[in-house]
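Structure, as structure tokens:
The values are calculated or read from the model by the stated rules, or taken from the named source; none is laboratory data. In this text, all values refer to a predicted model and were calculated from it rather than measured experimentally. Cβ placement follows ideal geometry from the backbone for every residue including glycine, while neighbour counts extend to all protein chains displayed. SASA here: full protein model, heavy atoms, side chains in, ligands and nucleic acids out. Shrake-Rupley method; radii C 1.70, N 1.55, O 1.52, S 1.80 Å.
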Amino acid sequence: LLHQPGVASQTETACRCCGGQSLHPFLDLGFMPLADRLIRPEDGDTPELTFPLVVAFCPDCALVQILETVAPEILFADAYPYYSSFSPALLEHSRANVLQRLAERELGSSSLVVELASNDGYLLKNYVEHGVPVCGIDPADGPAAAARKVGVPTLCDFFTEEFASKFVGEHGRADIVHANNVLAHVADTNGFVAGIRNLLKPDGVAVIEMPYLLRLIEHVEFDTIYHEHLCYFSVTALDNLFRRHGLFLNRVEELEIHGGSLRIFVEPFEATGESVETLMAHEKAIGLDTLDFFAEFSARVDTLKEKLLALIYTLKSEGHSIAAYGAAAKGATMLNYCGLNTRQLDFVVDRNVNKQGMLMPGAHLPILPPEELVARKPDFVLMLAWNFADEILAQQQEYRDAGGRFIIPVPEPRIV
Ligand code: JHZ
Ligand code: ZN
């Protein structure tokens with residue numbers, strides 16, 4: 001692995017949201033390769049770029065963030081392998097989201113729904129089915145092309161403040177702006193939020209989802225930390241961010257997805273609901289807006305790592321074979337931080353055909369189709385996509401009936 005300082009990345013010294021100068025690092029995961037940069041087998045001997053992965057707290061706006069910013073063109077545009085539509089649970093979650101929005105608002109053929117980071121059209125296609133005009137915006141060309149194929153008009157570009165002005169000039173403003181798991185990915189957070197402000201009609205709403213920082217800390221979901229995720233949000237930090245742009249967090253829902261997420265409803269007028277007040281009061285009560293809250297986290301991450309390695313080394317010493325499930329971005333952090341590779345794990349399986357045939361970053365496990373679990377019968381499978389564990393365990397009933405066992409790594413390694 002290789003680190004070339006200054007190549008395609010920069011280390012921030014001020015808060016990426018509020019500009020505050022007193023960032024406090026509380027977790028250092030070391031130098032890591034890029035979590036979604038899968039390796040072609042023929043490039044297996046070429047050194048990979050690695051970048052520091054240090055997590056810090058800003059006492060001025062309560063935002064948790066990583067210090068390194070890797071150029072987005074490197075992270076997202078070129079051969080980005082993530083396609084939302086490989087998870088039936090995610091599709092169901094997205095469909096339910098759209099049905100709720102349709103039930104809440106009068107939307108028709110003169111409305112406009114825009115999604116930022118619309119990926120393969122997994123969400124917007126539900127509006128198309130109901131005759132509501134949509135436009136997807138996503139910089140990754142593979143997923144964008146897949147979206148157009150299912151009838152979701154998609155502009156292949158990064159969403160920025162400038163992009164928003166141009167878009168509004170050409171298409172007008174939106175009734176609903178969706179943005180799922182993208183706010184944390186954007187280097188110019190303020191430009192992105194200003195763009196959303198411009199994009200919304202006066203009575204429009206932005207419906208935004210992101211993993212919830214509180215669950216990350218509680219459940220030791222440290223593997224969801226990688227270079228694509230620049231920010232880790234609390235309700236308090238979100239409220240601070242949006243207010244600076246004349247947007248108001250009026251409602252919030254907690255969701256199970258991705259290990260525990262928030263869905264926030266942001267509008268260009270203030271009408272703070274009880275859901276927001278309750279969560280913000282809770283965050284204050286437990287101190288989520290203070291550095292102290294994060295003091296123990298680094299030690300808890302190392303405890304998880306030690307327990308997982310102890311379990312895996314015990315199983316190996318007993319002669320068991322072990323594979324992994326899910327060539328997820330978070331899987332790259334889990335493997336590389338724990339120092340797991342082809343010496344302990346034979347391969348990883350994943351349903352995403354765009355990932356199959358490639359190697360995991362850093363660890364270099366070969367990625368195979370899930371059918372290989374039944375075919376090759378590893379004794380144990382490390383569940384890297386633990387956020388979809390229920391769904392995957394159900395799919396793998398045949399492998400489990402044949403004696404196969406899964407290791408779920410978070411919040412604490414256990415065998416199921
Ligand atoms: P998954 C992604 O992260 C991408 P990742 C991104 N970085 C982000 O922000 C978060 O989501 C929120 C596979 N799978 O989605 C598909 C099966 O093989 O949890 C995926 O490769 N069979 C933008 O990559 C992987 O597992 C299945 O049945 O960490 C899951 O990755 C299911 C359900 C999934 O997130
Ligand atoms: Zn800040």
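Taken over the range 289-301, the residue count meeting the criterion of being among the charged types (D, E, K, R) and open to solvent by less than 50 Å² (accessible area, probe 1.4 Å) is 1. Applying the selection to the range 391-416, what residues are open to solvent by 60 Å² or more (accessible area, probe 1.4 Å), touching a residue at least 12 places away in the same chain (Cβ under 8 Å) and not polar (S, T, N, Q)? Listed by number, the residues that qualify are Glu398, Ala402, Arg405, Pro411, Glu412, Ile415.
Return yes when Thr342 is away from ligand 2 (no atom under 16 Å from the Cβ), within 23 Å of Glu48 (Cα to Cα), without any contact (Cβ under 8 Å) to a residue 60 or more places away in the chain and assigned to a loop (DSSP other than H, G, I, E, B) and no when it is not. So Thr342 passes the test.
Test of understanding: among Glu318, Glu277, which residue is outside the structural domain of Leu373 (by TED's automatic domain parsing) and either more than 23 Å from Leu230 (Cβ to Cβ) or away from ligand 1 (no atom under 16 Å from the Cβ) (or both)?
Numbers: Glu318 fails: outside the structural domain of Leu373 (by TED's automatic domain parsing).
So the residue among Glu318, Glu277 that is outside the structural domain of Leu373 (by TED's automatic domain parsing) and either more than 23 Å from Leu230 (Cβ to Cβ) or away from ligand 1 (no atom under 16 Å from the Cβ) (or both) is Glu277.
For Ile408, the criteria (1) farther than 28 Å from Asn119 by Cβ; (2) away from ligand 1 (no atom under 13 Å from the Cβ) hold in every case but one, which is (1). Checking each residue in the range 393-413 for being in contact with a helix residue (DSSP H, G or I) (Cβ under 9 Å, 6 or more places away or on another chain) and basic (Lys, Arg) picks out only Arg400.
Checking every residue in the range 76-89 against the condition of being open to solvent by less than 10 Å² (accessible area, probe 1.4 Å), aromatic (Phe, Trp, Tyr) and touching a helix residue (DSSP H, G or I) at 6+ places or on another chain (Cβ under 7 Å) gives zero matches. Which residues, counting only those in the range 11-66, are of a type in the set (S, T, N, Q), open to solvent by less than 10 Å² (accessible area, probe 1.4 Å) and within 16 Å of ligand 2 (Cβ to nearest atom)? Residue satisfying the conditions is Gln65 alone.
Residue-wise test of (1) in a helix (DSSP H, G or I); (2) free of Cβ contacts under 8 Å to residues at least 60 places away in the same chain; (3) touching a strand residue (DSSP E or B) at 6+ places or on another chain (Cβ under 7 Å).
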| site | (1), (2), (3) |
| --- | --- |
| Ala79 | no, no, no |
| Leu91 | yes, yes, no |
| Gln100 | yes, yes, no |
| Val114 | no, no, yes |
| Asn119 | no, yes, no |
| Val128 | yes, yes, yes |
| Cys135 | no, yes, yes |
| Pro139 | no, no, no |
| Ala144 | yes, yes, yes |
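Residue pairs whose Cβ atoms lie under 7 Å apart, sitting 6 or more positions apart in sequence or on different chains, and linking a residue in the range 193-217 that is farther than 28 Å from Asp292 by Cβ to a partner that is surrounded by fewer than 21 Cβ atoms within 10 Å (Cβ to Cβ) and of a type in the set (Val, Ile, Thr), are Gly195/Thr160; Asn198/Val168; Leu199/Val168. Scanning the range 231-257 for residues that are outside any strand (DSSP E or B) and within 18 Å of the chain's Cα centre (by Cα) turns up Ser234, Val235, Ala237, Leu238, Glu256, Ile257. So for the range 330-345 (the condition being modelled with pLDDT under 95 and either in the same structural domain as Val410 (by TED's automatic domain parsing) or open to solvent by 60 Å² or more (accessible area, probe 1.4 Å) (or both)), does at least one residue qualify? No, the range 330-345 contains no residue that is modelled with pLDDT under 95 and either in the same structural domain as Val410 (by TED's automatic domain parsing) or open to solvent by 60 Å² or more (accessible area, probe 1.4 Å) (or both).
Quick check: is even one residue across the range 313-325 part of a loop (DSSP other than H, G, I, E, B) and buried (at least 24 other Cβ atoms within 10 Å of the Cβ)? The answer is no, given that none of the residues of the range 313-325 is part of a loop (DSSP other than H, G, I, E, B) and buried (at least 24 other Cβ atoms within 10 Å of the Cβ).
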